[in-house]
Amino acid sequence: MLIDDDPRVACVTPLRRVSGRRVTTVEGLTEEEQSKWAGSFVAHGASQCGFCTPGIVCRFVGHERKGADLGNRETVDRLLSAHLCRCTGWQTIREAASEVTVDLPSRDLEIATRQASLEAGTTQVIGPQVVLGRGGFADDETPDGALVAVRGDSEWHLADNLHQAREQAGKIQGRRSSLEPQPPLELPDGNWEVSLRTSWVEPAYLETDASWCDQVGEPAHPFANGGAFGGKIESDVSEVARWLAQENDCTVRVLWSREDVVRYGPKRPPISAGLRADGTGMIRLVATPGVAERIQAVLPTCEIEQLTIPGPPTSSALRAAGWAEAEMLRAGLRGNTDWITAPSGASARAEVGDELIRVEVNAGTPLDRVMFRSYCIGAAHMAYSWVTAEGLSVDQDGEVHDLTIRSFGVLRSSDTPHIEIISVGDGPVLAAGDAVFAAVAAATWLNRGCPPDLPSG
Ligand code: FES
């Protein structure tokens, strides 16, 4: 949003700061600005779920009005440093800023939507309306007058508005920890050729879990526009909304805070693993249904031990959970990268340097090359960011200490190498993201010299 023409991030600006000042959201930009920026973001595949996009568009417009050079990478990196886009990996956003395409592309956006939905694993609409903030997020669509429900430690707190519900629940503002993320599992004893320990990792989707329901209808789904990288598959907010609406005989809006997502939402399960030169070895894993089987498929001669330890919940639904780590270990043992095939059948091979991440992808013939490239770049960024920088601080009692989205370690635009995607496939289209993620994770780990603990720095 713009406050008296200066771009500000709405999610951390208290209402009292804007009292008496002029607030402009994306809806208040001129028609020409809206159409120009929506067109450019769609043309470059710079918006996926779309949750971050209106804020970034407002930032670009605010600085463009003041004459900023949006063709300059350093300038755009600096402008993006106040924002977080988890989906796109930043690059297509920079392209939308520096190579503004004024008219909407002539390509078929229904087909772009099909390509996006294949990658998201659920409906993900592509179009100018998403860029301009109409992605269908549950919390935006709640009817006026709904009660608001906020999660407490053991019960839901219901009030007329969010402020009151938060007060009742005793919610405090999230904070960042000074504790460094620590892999929680000890390395098994052994004479290992390569070893790897990882920490809890937050999927870091931007729209926190939300739903609403009236007394008789179906609840809104928290997915909204995309799948949250598998992080919302088991979310219970819809069922809570239905139950509270029926109990209280009124429309109820249910909203998780960022702290709720961190504490109660699923994480990538930590592992601790050692491999011998002959490929045998031992993998310890925070017990997570479905992950051991995926690891075993990559490393069939490894013993797998599942342990239950205090900490946030984990899920096999998160991007390539477990098997990407197994592919990293395999690549570390080989000493080089090779094609990696995902359960979808798509495969990828990556080279990682300080300035460039280059990925070849065989995922059939893309339906829409712009969105195919956008998703591959997003998955490559997520892998590079995970290996080098991401992790949650969780203490020995299992309490999470990183409670803001800034504290998860997601790499900024300025720290992300250029990502080149080369499609080499033909035939039926396949979802490529997990293959790209695993290939870039393996290549990044090799590039860093296969350090035993992640994040590698
Ligand atoms: S498009 Fe930026 S967070 Fe989803």
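The values are calculated or read from the model by the stated rules, or taken from the named source; none is laboratory data. A quick note: this is a predicted structure, and the numbers were derived from the prediction, not measured. Note that each Cβ is placed from the backbone with ideal geometry, even for glycine, and that neighbours are counted across all protein chains shown. Please note that ligands, DNA and RNA were not included when accessible areas were found on the heavy atoms of the full protein model with its side chains. Shrake-Rupley method; radii C 1.70, N 1.55, O 1.52, S 1.80 Å.
Listing for the model above:
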| quantity | calculated |
| --- | --- |
| Accessible surface, the chain, averaged per residue in Å² (probe 1.4 Å) | 42 Å² |
| Among 393-403, 263-273, the order from most to least packed when residues are scored by Cβ within 10 Å on average | 263-273, 393-403 |
| Kyte-Doolittle mean at least -0.5, axial Cα span of 15 Å or more - DSSP H helices of the chain | 53-65, 109-120, 237-248, 323-334, 369-389, 433-447 |
| Computed [θ] at 222 nm, helices only, for the chain once each DSSP H run of length n ≥ 4 contributes -39500 (n - 2.57) | -9500 deg cm²/dmol |
| Sequence of V370, V130 when ordered by accessible area, the most exposed leading, probe 1.4 angstrom | V370, V130 |
| Stokes-Einstein translational diffusion, the chain - Kirkwood Rh over all Cα pairs, 1.567 mPa s, 4 °C, in µm²/s | 57 µm²/s |
| Cα-centre dipole for region 2-132 with unit charges at Cβ (Lys and Arg positive, Asp and Glu negative), debye to 20 | 580 debye |
| FRET efficiency, D6 to R276 (Cβ-Cβ, R0 51 Å, nearest 0.05) | 0.30 |
| Relative contact order %, the chain, counting alpha carbon pairs below 8 Å whose residues are six or more apart | 18 percent |
| Sequence-separation-based contact order of region 2-132, relative, with Cα cut under 8 Å and 6+ spacing, percent | 35 percent |
| Percent antiparallel among DSSP beta bridges (both partners in the chain, rounded to 5) | 65 percent |
| Protein accessible area in region 319-447, 1.4 Å probe - carbon and sulfur % | 43 percent |
| Relative contact order (%) - criterion: Cα under 8 Å, at least six apart; region: region 319-447 | 46 percent |
